[in-house]
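The values are calculated or read from the model by the stated rules, or taken from the named source; none is laboratory data. For clarity, every value in this text was computed on a predicted model and none was experimentally measured. Here the Cβ positions follow ideal geometry from the backbone for every residue, glycine too, while neighbour counts run over all protein chains shown.
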Amino acid sequence: MIFNCFTMNVPSHIYHGTWRHPENQLADFNSFETWSGLARKLEEGKFDAMFFADILGIDPAYDGKWDAYFEQGLHMPCNDTFTLCTALAAVTRNLGFVFTSSILSEHPFSFAKKVSTLDHISGGRIGWNIVTSVTENAARNFGHESIVPHDQRYDWADEYMEVLYKLWEGSWEDDALLADRKSGIYSDHTKVHRINHAGSRYRVQGPHLVSPSPQRTPMLYQAGASPRGSRFAAQHAEGTFVLYPNVGGARIGIDKTREIARQNGRDPDDLKFIQGLSFVVGSTMEEAQRKAAEIDEWVSYEGLAAHVSRDMGVDLSHLDPDQPVDESGLDGLQGYARMIEIGKQSGEKATVKEVANALSYNCRIVGTPESIADELELWQDAGVSGVNMICQLHPATYVDFIDHVTPVLQERGLAQRDYAEGPLRRKLFGKSARLPATHRGAAFRNLAAVAQTAAE
Ligand SMILES: Cc1cc2nc3c(=O)[nH]c(=O)nc-3n(C[C@H](O)[C@H](O)[C@H](O)COP(=O)(O)O)c2cc1C
């Protein structure tokens, strides 16, 4: 299985309130040592990557105010993830770095340049979590009147990807870079091409300014679950970040997305499903439960509710946490409530609190190294390829897991004992460092042919 650390360059990511815990270093998240120490530990434990979430704006989504987000350190303040990944790549050798970047935040031409540069200097260890930004404030921070409607954001993202594929995959032929001291020729200009992209949002002439990096296109992640989002994932994503409330839900959802990928001409095995999970480890079940209860004393329900209010666009501030969602009168929560109910005894209704806990508790596994390994086997059997491990205490969550659970997983063949050679995509798929031939991006490799088809 793939093991990623899932985190964010902020004081409080998902288990809100725990930044105050004496063992949690995230109160000092501005310090580079807070991150470099964790990265080194993850590499010692043969984790595949650090996966960083990111945002571009803050809406007053809880009780009509933004107070809770600032007070709780809930994604606020929020540092840039790309910059941190660049620094962390310099102090590691094998660990991958997946940063989140929105189509809203940067023109694809400059984004392509930046990403190719980091792919070069990290030896191809990077991935990109493609997001379209869902907050009004993010839209206004980038000069838009309001947020672009849902499906149009994905159309925009399709064009953004097309520009990038042209730059990353098509602009430079494989043998364009010579660096030949004898002839004195660095690059063969006949093998470098303009892209001449003219679309509804972007006009980009090219060529790409950076020579082909180890992966060319970074490993692509995405996390959308709507019909349009799933279609986007089936076309572009190589890793999809999922948050199924239970193993049964994962099996159904993964089978469905793999089928959409197949219909899009892709090999369904070229799509990895990475489930968000958190763990509390003890040498006995009692010890694990005691540790979980101790962490819970620090968790803030208001923080959890404010987070979900923003992400789901439904204000939970005035709802009774124990009320069934069906009685809340709020439409926006129904989809998630049904997902939670899949894993419950027949007829039992999901409550507002369970929805607020969606990101944290619903997928928390508390147990001994052996019982955790047993549960991971069930997730794997349902089609899950790996885990985005949610942080409760930084770095204790990962130190506990690596010291106690990883050896058991390695013994059972569920976790790697060492890194495979090469860039991130090769490490994870065991194949080429480049996009597979059936991926949409691969169609842009021969730009001359692409231009010819367009002209026709
Ligand atoms: C597990 C998960 C993590 C996400 N991380 C981010 C993030 O870091 N930044 C962001 O702007 N959006 C993030 N999103 C939002 C998604 O990119 C997407 O916009 C959202 O899930 C709605 O997509 P959909 O309507 O296709 O389901 C995340 C979503 C999920 C489910």
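Miscellaneous remarks
- Selection from region 239-295 of residues that are outside any strand (DSSP E or B), in contact with a Gly (Cβ under 8 Å, 6 or more places away or on another chain) and polar (S, T, N, Q): Asn246, Gln289
- Region 200-254, subset within 10 Å of the ligand (Cβ to nearest atom) and of a type in the set (Gly, Ala, Ser), residue surrounded by the most Cβ atoms within 10 Å (Cβ to Cβ): Ala233
- Ala373 assigned to a helix (DSSP H, G or I) and closer than 16 Å to Gly282 by Cβ: yes
- Residues (within 16 Å of Thr100 (Cα to Cα) and among the aromatic types (Phe, Trp, Tyr)) located in region 155-177: Tyr160
- Residue match in region 377-388 (condition: touching a Ser or Thr at 6+ places or on another chain (Cβ under 8 Å) and within 16 Å of the ligand (Cβ to nearest atom)): no
- Residue list for region 153-174, filter: more than 12 Å from the ligand (Cβ to nearest atom) and more than 18 Å from Val204 (Cα to Cα): Glu173, Asp174
- Consider region 125-143 and keep the residues that are part of a loop (DSSP other than H, G, I, E, B) and touching a strand residue (DSSP E or B) at 6+ places or on another chain (Cβ under 6 Å). The one that is farthest from the ligand (Cβ to nearest atom) is Arg125.
- Residue within region 44-54 that is assigned by TED's automatic domain parsing to the domain that holds Ala139, free of Cβ contacts under 8 Å to residues at least 60 places away in the same chain and surrounded by fewer than 18 Cβ atoms within 10 Å (Cβ to Cβ) present: no
- Summed over region 10-60, the residues that are in a helix (DSSP H, G or I), in contact with a Lys or Arg (Cβ under 9 Å, 6 or more places away or on another chain) and not hydrophobic (A, V, I, L, M, F, W, C) give a count of 1.
- Subset of region 292-320 (residues that are without any contact (Cβ under 8 Å) to a residue 60 or more places away in the chain and within 27 Å of Val408 (Cα to Cα)): Ala293, Glu294, Asp296
- Filter result (under 13 Å from Leu167 (Cα atoms), away from the ligand (no atom under 16 Å from the Cβ) and of a type in the set (A, V, I, L, M, F, W, C)) within region 96-124: Phe109, Ala112, Val115
- Some residue of region 123-135 being over 11 Å from Ser102 (Cα atoms) and surrounded by fewer than 16 Cβ atoms within 10 Å (Cβ to Cβ): no
- So Ile340, is it surrounded by 19 or more Cβ atoms within 10 Å (Cβ to Cβ) and either acidic (Asp, Glu) or more than 24 Å from Gly249 (Cβ to Cβ) (or both): no
- If only residues of region 55-72 that are away from the ligand (no atom under 16 Å from the Cβ) and buried (at least 16 other Cβ atoms within 10 Å of the Cβ) are counted, the one that is nearest to the chain's Cα centre (by Cα) is Gln72.
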